[in-house]
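Trainee: Following this message is one structure expressed as structure tokens.
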Amino acid sequence: MASSTILLAEDNYDDELLTVRALNKQLDGINIVVAHNGVEVMDYLCATGPHEGRNRNDLPKVLLLDLKMPMMDGLATLQKIRGTDHTRLLPVVILTSSDEETDQIASYQLGANSYVRKPVKFDDFLEATAKLGAYWLEVNQTAPYVRATA
Amino acid sequence: MIGIATNTAAVDVVWRNLMGAVPDAVIVSDASGQIVYVNTAVTRFFGYQPTDLLGQPVEILVPRTVRGQHKSHRAAYHSEPRRRFMGFGSDLRAVRADGSEFPVAISLGYTTSPSGNLVIAIVQDLSDLRERDRSIENLTQRMVRDTKLEEVNKELEAFSFSVSHDLRAPLRVVDGFSQVLKEDYFDKLDDYGRDCINRIRTAAQRMGQLIDDLLNLSRITRSDMVTTDVDLSAMTREIVEMMMAAYPDQKVELAIEEGMVAHGDARLLRIALENLLSNAWKFSSGQPTARIEIGRSKSTRGETYFVRDNGAGFDMAYADKLFGAFQRMHNAQAFPGTGIGLATVQRIINRHSGRVWATSEINKGATFYFTLFQEAGNGIQYNPTG
């Protein structure tokens, strides 16, 4: 059984606090790891950099990925994840303010599993987070860990 | 096999037929500049009969403004005759019998005869070519304009993305943390404090709605148009069903004209109709029985569609403000809304080269009219942004 870890990629501290609060409020016994850009996401997933020594087979149940981030942005991160054997099948949910069709199309083309627009209204945001968490942590069955061939 | 005529009469026939078949005008003049021979094409080119031209100075075919010049050029040519082609690059013009001018290319050759040197001018009419040049130029200009338009559209897109992301994010934080404050410090706040928080949240949510509306409005301007025949009657019935489900308590008498089929973009027309019908619903909600009518009137210029209600109406003095973004005719307590609906309708109708307007009387209702593709007459549109 995989862990109940959610990896949250979010560069804005206010948004991070609100999202973590919403997730904790809606879901019991979850572990939330926060990354602030794509580089930190890849470090966590591949157990490199500050995460060296972590068991890299222990992948999160889902990655909630913001699109607009410094250094490696959301789409570049998604591309990197899909191009890496180890993380190729990781469920990725785009969680963004953007309602742009081009972002939605690019996200799905690059292999996003879901695209969620963050509602302005916090109550709606709580509701969306609850549904997201319940689905990806409780309903969805993730693919078995894919061993890197290299 | 090449036939060679051997007797003079046969040579004459071949010569005449040959010259008659040449598509360009052939004009032969002598050393003094008098025309001694023309082929039949001169009639088509210049509007003269061949016999009108024989014996005339060749300058009769040259525009008045350059006749003097032509005489000296002609004298110079006779002193040193050679084959010459003049035309495409230079702006040569010839004049017709009726005085009108046209662009030409001229090839010159010379020969000798018992009566002296002869100059043979072969004249090509470049009117079609110039016309094509102009079309190409127009097309080029249009392409340049479209490219600029595309750039502006791209900028708009970048701007709307920035609005979407950059303005919504802080609003979410305002709303989110005031909710946190309410949840975690509820006991420590008095009624006034709680009221303040509610006001902050209401305002943040309203601003979120305004931003979303603005983004939707810009999307309507940017989206590609796909025009087909659209059954407006069927579309209206579908929207009406939706409205009835959304407002089950409102009593509405409906009249929908059947068979209204228009040419346009179905997705955009649906948005326009939804806005007009939801306005009709909203502003007639105060009536014991709302009456909403959707129909058309025909005129020689085409069809005018209308949506009529018996609701609150508006003051015609402000009719010019009706279709502006964020313009409202009523206060938000009486009729909620962001004031973007009619601005959206107008943009959609504009994209269909149509017109939208309204008439009303306060407390008696309003009628909104619109036309589609009427101004152009033939319905053919040049629509660079799709």
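The values are calculated or read from the model by the stated rules, or taken from the named source; none is laboratory data. Just so you know, these numbers come straight off a predicted model, no measurement behind them. Cβ: placed from backbone, ideal geometry, glycine included. Neighbour counts: every protein chain shown.
Trainee: Can you pull out the residues in region B:168-218 that are over 24 Å from B:LEU342 (Cβ atoms), more than 8 Å from every other protein chain (Cβ to nearest Cβ), free of Cβ contacts under 8 Å to residues at least 12 places away in the same chain and of a type in the set (A, V, I, L, M)?
Mentor: B:LEU189
Trainee: Would you point out the residue of region B:221-234, among those that are surrounded by 18 or more Cβ atoms within 10 Å (Cβ to Cβ) and of a type in the set (A, V, I, L, M, F, W, C), that is nearest to the other protein chains (Cβ to nearest Cβ)?
Mentor: B:VAL230
Trainee: Give just the number: which of (1) in the same structural domain as B:LEU149 (by TED's automatic domain parsing); (2) closer than 25 Å to B:GLY365 by Cβ does B:GLU258 not satisfy?
Mentor: (1)
Trainee: Looking only at region B:39-77, count every residue that is aromatic (Phe, Trp, Tyr) and outside any helix (DSSP H, G or I) and tell me the total. Reasoning before the result, please.
Mentor: Of region B:39-77, the ones aromatic (Phe, Trp, Tyr) are B:45-46, B:48, B:77.
Filter once more, so that each one left must be outside any helix (DSSP H, G or I): B:48.
Matching residues across region B:39-77 total 1.
Trainee: Follow-up question, since we're still on this one. Out of all the residues in region B:306-326, is one or more in the same structural domain as B:ALA358 (by TED's automatic domain parsing), out of contact with any helix residue (DSSP H, G or I) (no Cβ under 8 Å at 6 or more places or on another chain), of a type outside the set (A, V, I, L, M, F, W, C) and modelled with pLDDT of 90 or more?
Mentor: Here is the first cut: in region B:306-326, the residues in the same structural domain as B:ALA358 (by TED's automatic domain parsing) are B:306-326.
Now narrow it down to the ones that are out of contact with any helix residue (DSSP H, G or I) (no Cβ under 8 Å at 6 or more places or on another chain): B:306, B:310, B:314-321.
Those left that are additionally of a type outside the set (A, V, I, L, M, F, W, C): B:310, B:315, B:318, B:320-321.
Remaining after also requiring modelled with pLDDT of 90 or more: B:310.
Scanning region B:306-326 turns up at least one residue that is in the same structural domain as B:ALA358 (by TED's automatic domain parsing), out of contact with any helix residue (DSSP H, G or I) (no Cβ under 8 Å at 6 or more places or on another chain), of a type outside the set (A, V, I, L, M, F, W, C) and modelled with pLDDT of 90 or more.
Trainee: Tell me whether region B:163-172 contains one or more residues that are in contact with a strand residue (DSSP E or B) (Cβ under 8 Å, 6 or more places away or on another chain) and surrounded by 15 or more Cβ atoms within 10 Å (Cβ to Cβ). If you could, list the steps in order and put the result at the bottom.
Mentor: To start, the set of residues in region B:163-172 that are in contact with a strand residue (DSSP E or B) (Cβ under 8 Å, 6 or more places away or on another chain) comprises B:165.
Right, trim to surrounded by 15 or more Cβ atoms within 10 Å (Cβ to Cβ) and you get B:165.
Yes; the residues of region B:163-172 include at least one that is in contact with a strand residue (DSSP E or B) (Cβ under 8 Å, 6 or more places away or on another chain) and surrounded by 15 or more Cβ atoms within 10 Å (Cβ to Cβ).
Trainee: Restricting attention to region A:19-69, report how many residues are closer than 26 Å to A:TYR108 by Cβ, within 14 Å of chain B (Cβ to nearest Cβ) and not polar (S, T, N, Q).
Mentor: 6
Trainee: Right, next: Evaluate the following for A:ALA76: is it in contact (Cβ under 8 Å) with a residue 12 or more places away in the chain, closer than 17 Å to A:ILE30 by Cβ and under 16 Å from the mean Cα position of the chain (by Cα)? Can you show your working first?
Mentor: On the way: in contact (Cβ under 8 Å) with a residue 12 or more places away in the chain: yes; closer than 17 Å to A:ILE30 by Cβ: no; under 16 Å from the mean Cα position of the chain (by Cα): yes.
Judged against the criteria, A:ALA76 is not a match.
Trainee: Go through A:SER114, A:SER107, A:SER97 for me and flag whichever is within 12 Å of chain B (Cβ to nearest Cβ), free of Cβ contacts under 8 Å to residues at least 60 places away in the same chain and among the polar types (S, T, N, Q). Working first, answer last.
Mentor: Numbers: A:SER114 fails: within 12 Å of chain B (Cβ to nearest Cβ); A:SER107 fails: within 12 Å of chain B (Cβ to nearest Cβ).
After ruling out the rest, the residue left standing is A:SER97.
Trainee: In addition: Checking A:LYS80 against (1) away from chain B (no Cβ under 14 Å); (2) under 26 Å from B:GLY176 (Cα atoms); (3) surrounded by 15 or more Cβ atoms within 10 Å (Cβ to Cβ), only one condition comes out false. Which one?
Mentor: A:LYS80 satisfies every listed condition except (2).
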